[in-house]
Amino acid sequence: MAIDLSTRYLGLDLKNPLVVSASPLSSDVSRLRMLAEAGAAAIVLPSLFEEQIRHEAASVERLAEAGSDSFAESLSYFPSSAEAVTGPRRYLDLVANARAKVDVPIIASLNGSSVAGWVDYAGLMEAAGASAIELNIYRIASASDATGPHVEAETVALAQSVKAQVKIPVAVKLHPHFSAFGDVARQLDAAGVDGLVLFNKLFQPDIDLSKLKWVNEVDLSSSADIRLGLLWLSQLSGKLKKASLAANTGVDTVDEVLKYLMAGADVVMMASALLRHGPGYLQTLLLGLEDWLDARGFKRVSEIRGLLTATHPDSERNERKDYIETLTQYRGPYARSA
Ligand SMILES: Cc1cc2nc3c(=O)[nH]c(=O)nc-3n(C[C@H](O)[C@H](O)[C@H](O)COP(=O)(O)O)c2cc1C
């Protein structure tokens, strides 16, 4: 019997819970079609960055002021490779092309950290045909005067300013490094955002010991990276007024998809697994999901959504007890009880 995998995310009806998260995989229309054919229920495009928008605005201004000679000079302020892939105008073309040629909802992604005029781009993304906008808030608050309340207030204000630009749904993608993440999630929900994406991955520089230099490298995720998402999904699921929940980070096999759904995710997003195995891997995950549900007698994916939300061991009821038990019960060759 066919299993009903349908779900709702950001008010959109999706055929299944697998959504492609932002990465270079979704930066051209032919691959977007491959992802859709392999079963993606929706696709998030790579982010358009605040800096790219500011850069283009500055370039146009310079061009108008001083003639075309200064245009090349102004382009040098922004990495040319990034400009080539997703400059603002090309980005809007990608949205429009994807809308015309790909048969699943296309979510445009806007990345930034400050509230300013660049968020007007949300309206242009909507006009180009985006089904929704994902606001990717990537900010390391390392300035000495950046206080927690200030960062939170700016995060909410940024989400509100994007919401004010568009009628389509807006999701907010966040990293988890807030002192009280649950409160930030509730503030965003109260501010009217349509969904939360838990979590963005921080790409932190490492040290190359041979060169004594900092290096920026992309590390793809592994299944060990899902635990924080499981925790916060289970704490927030069923408790927000409006916002739906997307799990993101660490999907490697269908097991992570199942676990995220049971912790309360409406959809499960992934990038690393698809960058590793290719777009066709979506089909493997979908078949695995159907087989697992069928083998256990479930007829709809909705039957497992949030199945284990209430019993997460870190919920407030149990947090101290389970923490202490987990640590004190550790056994290994150098940690046996005497
Ligand atoms: C090469 C690469 C590029 C990415 N580019 C973006 C991006 O433009 N915008 C964004 O919001 N996330 C971006 N991400 C983050 C992914 O969308 C995703 O949130 C993160 O990798 C965690 O999911 P995963 O564990 O399935 O990879 C990128 C990830 C990778 C690996």
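What follows draws every value from the coordinates through simple rules; no lab data is involved. Keep in mind that this is a model prediction, so the values were computed, not measured. Cβ sites come from the backbone with ideal geometry, for glycine too, and all protein chains shown count toward neighbours.
Odds and ends about this structure:
- Shape of the stretch 205-338, Cα gyration tensor, a/c cut at 1.5: oblate
- The string of couplings for the stretch 297-304 from the Karplus curve (6.51, -1.76, 1.60, θ = phi - 60°) is x, 7, 9, 9, 5, 4, 5, 9 Hz, one whole number per residue in order, with x for Gly and Pro.
- Evaluating 6.51 cos²θ - 1.76 cosθ + 1.60 at θ = phi - 60° for every residue in the stretch 15-32, the Karplus couplings come out as 6, 7, x, 9, 10, 7, 8, 5, 5, x, 4, 9, 9, 9, 5, 5, 6, 4 Hz, glycine and proline recorded as x.
- Exposed chymotrypsin sites (Phe, Trp or Tyr not before Pro) absent: longest stretch of the chain, with sites in DSSP loops and at most 13 other Cβ within 10 Å deemed exposed: 204-329
- The simple Förster model, with R0 at 25 Å and r as the Cβ-Cβ distance, assigns D255 and R8 a FRET efficiency of 0.60.
- Long-range amide H partners of N248 with built H, under 5 Å: L198, F199, M269
- C-alpha long axis of helix 148-165 to longest principal axis of the chain, angle in °: 60
- Pair R336, A116: separation of 7 Å Cα→Cβ label points (nm): 6.3
- For the stretch 167-270, DSSP calls about 20 percent of its internal beta bridges antiparallel.
- Most mobile of I168, I140, I106 in a GNM of the chain (Cα contacts under 10 Å): I140
- Other-chain or far-sequence residues with amide H under 5 Å of A42's (modelled H): V20
- Rounded to 5, the percent of DSSP beta bridges in the chain classed as antiparallel: 15
- Local charge for S244 was computed over the other residues whose Cβ lies under 14 Å away, with Lys and Arg +1 and Asp and Glu -1, and equals +1.
- Where the Cα pairs of the chain fall when distances are cut into 20 Å bins, in %: 28, 56, 14, 1, 0
- In this simple spin-label model, placing a label point 7 Å from the Cα along the Cα-to-Cβ direction at both R186 and A153 gives a separation of 2.0 nm.
- Given the chain, longest segment not containing exposed loop GluC sites (Glu not before Pro) (DSSP; at most 15 other Cβ within 10 Å): 1-216
- GNM result for the chain, Cα springs below 10 Å: residue of A265, A141, A243 fluctuating most strongly: A141
- Set of lysines with alpha-carbon distance to K201 below 27 Å, sequence-local pairs under 8 removed: K15, K163, K173, K211, K213, K239, K241, K242, K259
- Using θ = phi - 60° in the Karplus curve 6.51 cos²θ - 1.76 cosθ + 1.60, the 3J(HN,Hα) couplings for the stretch 225-235 round to 8, 8, 5, 5, x, 4, 4, 6, 4, 5, 6 Hz; x is entered for Gly and Pro.
- Within-14-Å neighbourhood charge of M34 [Cβ basis; K, R +1; D, E -1]: 0
- Trypsin sites (Lys or Arg not before Pro), loop per DSSP, at most 10 other Cβ atoms within 10 Å - longest free stretch of the chain: 1-166
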